[in-house]
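Report on one structure; see the data block that follows.
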């Protein structure tokens, strides 16, 4: 996996998504779309070394078997030597997200009091999280 | 003999206890395996994070972050003690609490009165808390009741964090401490817990989490792996300093989480060992009681025989 020969026939690179609790995904990917802090970044084999900050959003991983979609709660991504590591505090497969539950969360987040700036920031973040989870589902 | 019936009763009681302790041992073993697996599953995240911090720290010249602020005087300290909610785990709680107390004795104890003033007005800290104070945040019911027994003040008792801690639960706590630290409300945060070194060795330690130390020392196997690797020129987005500013809080959060998870694993190991000892001791007790019972029975039989033989001899 670790060979960095750009001209080899292989089209995949290794991709892992880890959270403090567990390893969510470890596989060979053909293509990955990261929700970077300033927009989506697409990665293919042979990508130049990159460290980037992630936003709350949708992570797409194209494996040999098909497309896998995740929701990630911010974090960081590092790509070097055809090895991509996504570090995030919360990552969930789209199939694991329960629409009803998220909608409830969104309601709750909206109902939150936004008094001082800190509380408002918290509220906005909670809304963003719920919204993005819904978008991942869509 | 009445003694015999007593022995039978006691043996039965010992058997019942052994059944219970054996079950508890099995449960602790299962829980330990689950907790251990969870601890191992989280390792890649922790390792990678440390690696990233290291790389970024090299890419940024002067590193300055609110979380690294070193207060001129360590005045308001926080000690977070991780004890268990449930007992019957041998010396687990005693060890952690002893270590925590020793740490507290090393630093002057807190005064409740000064506490209130400080929260309202940070600037008064020079007047009221010049000696320095430590507020104790206690996780786990066992530790809380012990500290209450000692008359040691506890700022807050946290008992709702489960035996298998989830990141969200710890996250909230870590964020709260970080916010207070950045706001200047507290000057340092330490955690007293049972560090999990291996299945055979755990150690009660007090670790300082905040302020962050400048040198985030990598574990040996880490630097080794990097030695082989050539220096890679990374593309950073956004610039390293900004990423680092986000990475550091994540490191603190994960350290909190690690401590909780270590504590959970250590607790199960301690319980496993304690229950194994209890089961063995019950076995010994049963053996002893059985021996005593047999002896008593034999004595009775001998006495009866003597009676009969004596009677027969008298008749003859």
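Just so you know, all these numbers are worked out from the coordinates, no wet-lab data involved. The structure displayed is predicted, hence computed values, not measured ones. Every residue, glycine among them, receives a Cβ derived from its backbone with ideal geometry; neighbour counts consider all protein chains shown.
Averaged across the residues of B:38-45, what count of C-beta atoms belonging to other chains lies within 10 Å of each residue's C-beta?
On the way: counts 3, 0, 2, 7, 6, 3, 9, 12.
For this peptide, the per-residue mean of nearby foreign Cβ atoms is 5.
Among the DSSP beta bridges whose two residues both lie in the protein assembly as shown, what percent are antiparallel, rounded to the nearest 5?
65
Cα centroids of region B:158-177 and region B:229-284: 13 Å apart.
Taking every pair of Cα atoms in the protein assembly as shown, average 1/r, invert it to obtain the Kirkwood radius, and report Rg/Rh to two decimals.
Details: Rg = 29.7 Å, Rh = 26.0 Å.
That ratio equals 1.14.
Per Stokes-Einstein, at 10 °C and 1.306 mPa s, what whole-number D in µm² s⁻¹ belongs to region A:97-137, with the Kirkwood radius over Cα pairs as the hydrodynamic radius?
Numbers: Rh = 10.2 Å.
Answer from the Stokes-Einstein relation: 155 µm²/s.
Estimated purely from DSSP H runs of n ≥ 4, each contributing -39500 (n - 2.57), the mean residue ellipticity at 222 nm for chain A is -8500 deg cm²/dmol once divided by its residues.
The mean count of C-beta atoms from other chains within 10 Å of the C-beta of residues in A:34-42, rounded to a whole number, is 1. If you take the Cα centroid of region A:99-138 and the Cα centroid of region A:16-67, the two points sit 24 Å apart.
Across peptide A:116-125, what mean number of C-beta atoms from other chains lies inside 10 Å of a residue's C-beta? Kindly include the intermediate steps, with their values, before the conclusion.
Values: counts 0, 0, 2, 0, 0, 0, 1, 0, 0, 0.
Partner Cβ neighbours, averaged per residue: 0.
Extents of region A:13-94, largest first, come to 27, 27, 20 Å (Cα atoms, principal axes, whole angstrom).
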